[in-house]
1. Could you check the simple spin-label distance between Ala125 and Asn47, using points 7 Å along Cα→Cβ, in nm with one decimal?
2. What is the spin-label model distance, in nm, from Ser25 to Asp118 if the labels are put 7 Å beyond Cα along the C-beta direction?
3. In 5 Å bins starting at zero, report the fraction of Cα pairs in the range 60-182 per bin as a rounded %.
4. Using the Kyte-Doolittle scale, which helices in the chain average at least -0.5 and also have C-alpha atoms spread 18 Å or more along the helix axis, with helices defined as whole DSSP H runs?
5. What fraction of the Cα pairs in the range 8-219, stated in percent, has a spacing above 20 angstrom?
6. Between Asp55 and Arg102, how many nm apart are label points set 7 Å from Cα along the C-beta direction?
7. Roughly how many whole Å is it from the C-alpha centroid of the range 55-82 to that of the range 99-166?
8. Per DSSP H run of n ≥ 4, the term is -39500 (n - 2.57); total these for the chain, divide by its residue number, and report the mean residue ellipticity at 222 nm rounded to 500 deg cm²/dmol.
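None of the figures in this text is laboratory data; all of them are computed from the coordinates on show. None of these values were measured; they are calculated from a predicted model. Methodologically, a virtual Cβ is constructed for each residue, glycine included, from the backbone with ideal geometry; neighbour enumeration extends over all protein chains shown.
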Amino acid sequence: MKTNDRKIDYSLYLVTDRFPAASRSLGEIVSEGIAGGVTVVQLREKNTGTRDFLDLALGIKQITSASRIPLIINDRLDIALACEAEGVHLGQEDMGCRFARRIAGRSMILGVSVSTLDEALAAEAEGADYLGVGPLFATLTKPDALPPTGLDLISEIRRAVQIPLVGIGGINSENAGSVIRSGADGIAVVSAVVAQPHPGWAAKLLRSAIDQARKPSSHSGKKTPSSKR
Ligand code: TZP
Ligand code: MG
């Protein structure tokens with residue numbers, strides 16, 4: 001299937017991390033998260049050897065495929081291709097989008113992390129399918145994260161690019177609505193699902209915050225910064 005030809009629902013984008021998951025398997029967390037309303041899963045492994053990463057990816061792919069949820073692999077285009085993931089997510093220090101596209105072909109979803117308007121414009125020009133914008137708020141999950149950008153960055157990028165935007169960094173059910181109201185198509189979370197005792201319930205709470213924020217009445221008279229797609 002050419003995943004890129006169908007519209008991806010970026011509403012609740014789960015990024016995995018084994019550290020806050022404690023003793024729970026990522027498979028359990030992903031399954032429960034999907035049952036609670038996760039719409040995209042990104043497998044993010046920073047310290048895992050290639051063979052183990054691929055094994056894990058193949059296992060998670062079975063879970064996401066069964067629910068028709070796109071799987072995105074962080075950093076590693078080779079792993080994404082090998083496990084037939086729907087996409088790969090690239091940081092500013094990973095392979096540039098233009099080159100990734102040459103290898104990956106048209107059908108693979110390419111996501112790029114951005115922390116500035118210039119990075120967003122460059123990624124869109126290079127053919128990114130969506131942008132991860134942040135860190136919006138302080139986060140303990142990514143020790144090398146840049147200082148929080150705040151929500152203005154989302155609004156600024158929303159006005160300048162047409163591809164979907166996913167806010168990331170320190171997002172929870174309390175602030176998720178503000179991210180959506182600032183113009184994001186979705187929220188990406190690690191600890192707000194992975195570190196929770198009940199990931200499915202945590203996902204449900206986030207989904208209801210997103211749904212609530214999309215209701216016109218929740219903008220208290222403010223115009224919705226609408227996506228130009
Ligand atoms: N990229 C920017 S912030 C971040 C990543 C992977 C970590 C987000 O984790 P959390 O727990 O949702 O703040
Ligand atoms: Mg990266």
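1. Label at Ala125, label at Asn47, 3.8 nm between them.
2. Between Ser25 and Asp118, the label points sit 4.6 nm apart.
3. Computed distribution, short to long bins: 2, 11, 21, 20, 20, 16, 9, 1, 0.
4. Values: long enough: 50-66 (24 Å, 0.31); 199-214 (22 Å, -0.27).
Length and hydropathy pass: 50-66, 199-214.
5. Details: 12096 of 22366 pairs.
Percentage above 20 Å: 54.
6. 3.4
7. Centre-to-centre (Cα) distance: 20 Å.
8. Estimated from H runs of four or more residues: -11000 deg cm²/dmol.
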